[in-house]
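Some notes on the structure that comes next.
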Amino acid sequence: MSSIQSQSTICALATPAGVGGMAIIRVCGSNALRIVDMCFSGKQKLEHSASHTIHFGKFIHNDTVLDTVTASVFIAPHSYTGENTVEIGCHGGMVVQQQIIEALLDFGARHAEPGEFTKLAFLNGKLDLTQVESVADIIHATSTLGSQASVRQLTGGFTQKLQELRAQLLDICALLEIELDFAHEDIEFVDRTVVTNKIHDAISYCSHLLESHKGSEILRSGLYVGLIGYPNSGKSSLFNALLQRKRAIVSNVAGTTRDYIEEHLTISNIAVRLFDTAGIRDTDDVIELEGIEFSKSIIEQCHVLLIINDVTRGEHHSQPLVEYITTNYPHIIVTLLQNKADLLNTLPFPPDTIYTSATTGLGMESVRDFIKQTAQSQVDVTSSVLINARHVGLLQHIVESLHGALTALALQHSNEFVALDIRQSIELIGNITGNTSNEDVINEIFSRFCIGK
Ligand SMILES: Nc1nc2c(ncn2[C@@H]2O[C@H](COP(=O)(O)OP(=O)(O)OP(=O)(O)O)[C@@H](O)[C@H]2O)c(=O)[nH]1
Ligand SMILES: [Mg+2]
């Protein structure tokens, strides 16, 4: 994509608003150096400085020294955005940050929109859309593993995978088109089984990428773990025990928790969002179970459900609830915890039973291990890419087009039609990377950004 040197020069605070040790104000655009030079007094003019140099000086406006600052110079195209950029490092006081920005506005810069710096980087061909999305993911990362996966994506992980897929599809097109060139000779140059196999390979490549969606979501937003069970089974007590602090109210009155409570914790570098829910009434009546809408809306979001059974009421006391969940939410990983085990004289059930006691801490390590292993098994599939809902939609579309190509082959249609479907898949890859995306999609992606990024 060609460089689109922005008409105006934009500026914004790149560090979080508020008081801090230091703050960075970014100025970007063809006039960035000239504008900063109007208020920066150092050993030399920034306009005469080499790219990737840092200069110390005074920041002056209306004859008043506002601060001593550093100015880091990046000359187009060698900057994050691909345009001239100055990053002003000042002291992290709210007043000084604001005064510097106001001075820059006075000298002709304008406020940057949220995500505008990254948008320029995209428009100038510095980042493709998957890399832009990874920038947003790094900023919003809630766990070490999630952040690391986003960085891998930023450094081209997904781009590379898509290039591999594109190469596979171009390979198929080439085979089909060779034959088209000799169509009038009625000779079959290419074995159709070879083409069919190659399309199957491309489909399984896409399916493999699609499979990593769940793991990607876990890396991006955390593993959602819900504690559910009948009233008084000890959900809130276990919630507190897992958090290792008293967060939820516990009492022997059935129905203590009315709403759901959400807290975050980290288990083995994976962010976990833990939900305590209102007790689901002790009933065999599934219709009544359906009435507990609040808990239901949480259940739907969860990757893992821990069903808390009050073991003093019998090992199978929560069986109707277990059956209800496994039937209605077959995609959710469910495990049963036999709680209040401290009140049993013996632990008589099969060896894979997880006994817990919120009172003594029994079984807490097993529960943590279970959460950890579940998260790990999902995350392992993700390898180096973070698939999001937008990618899923496009990859599914690619798979559909490839199936279209398979059908055309099976029906002995002309290679032209088969190639048409493959060409469409190649075009869809362009939508993922942003080579051929429309304005709405791009705006939607940048709406997740903050000002200064
Ligand atoms: N002995 C023993 N008592 C427990 C244990 N877990 C919870 N309790 C007690 O059981 C009662 C109910 O505990 P909660 O944690 O409020 O139960 P809950 O499932 O959140 O109840 P609701 O919010 O009403 O649905 C309280 O009196 C707790 O002290 C446990 O492991 N052992
Ligand atoms: Mg409770």
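A short reminder: the numbers here are calculations on the coordinates, not readings from a lab. Only a predicted model underlies this, so the values are computations on that prediction, with no experimental measurement involved. Neighbour counts are summed over all protein chains in view; Cβ atoms, including those assigned to glycine, are modelled from backbone coordinates with ideal geometry.
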What ranking do 399-407, 57-65, 126-134, 364-372 get when scored by the average of other Cβ atoms within 10 Å per residue, highest first? 126-134, 399-407, 364-372, 57-65
List the lysines whose Cα sits under 29 Å from the Cα of Lys43, skipping any in the same chain fewer than 8 residues away. Lys58
Rg and Dmax of the range 11-135, Cα atoms only, in Å: 14.1, 46
CD proxy at 222 nm, helix term only [per DSSP H run n ≥ 4: -39500 (n - 2.57); per residue of the chain; nearest 500]: -14000 deg cm²/dmol
For the chain: span of alpha carbons on each principal axis (Å, largest first): 82, 82, 34
Fewest-first ranking of Cys450, Cys11, using other Cβ atoms within 10 Å as the exposure measure: Cys450, Cys11
Order of Ser41, Ser143 - criterion: other Cβ atoms within 10 Å of each residue's Cβ, fewest first: Ser41, Ser143
If I take R0 = 51 Å and measure r between the Cβ atoms of Phe56 and Ile442 in this structure, what FRET efficiency does the formula 1/(1 + (r/R0)^6) give, to the nearest 0.05? 0.85
Once amide hydrogens are built 1.01 Å from N within the peptide plane, the residues lying 5 or more places from Thr15 or on another chain with amide H under 5 Å from its amide H are Ile24
Grab the alpha carbons of the range 219-380, take their convex hull, and tell me the volume per residue in Å³. 111
Across the range 219-380, how many lysine pairs, 8 or more apart or on two chains, come within less than 21 Å at their alpha-carbon atoms? 5
Let me spell out the model: positive unit charges on the Cβ of Lys and Arg, negative unit charges on the Cβ of Asp and Glu, origin at the Cα centre of the range 219-380. What dipole size does that give, in debye rounded to 20? 600
At a 10 angstrom cut-off on C-beta neighbours, averaged per residue, how do the peptides 347-354, 409-416 rank from highest to lowest? 409-416, 347-354
Net charge near Asp380: determine it from the other residues with C-beta under 15 Å of the C-beta of Asp380, scoring Lys and Arg +1 and Asp and Glu -1. +1
Please sort 391-398, 45-52, 164-171, 224-231 by packing, taking for each peptide the average over its residues of neighbouring beta carbons within 10 angstrom, highest first. 224-231, 391-398, 164-171, 45-52
Roughly how far apart, in whole Å, are the Cα centres of the range 326-355 and the range 16-64? 62
In nm, the gap between the two label points placed 7 Å beyond Cα toward Cβ at Ser366 and Glu211 is 3.0
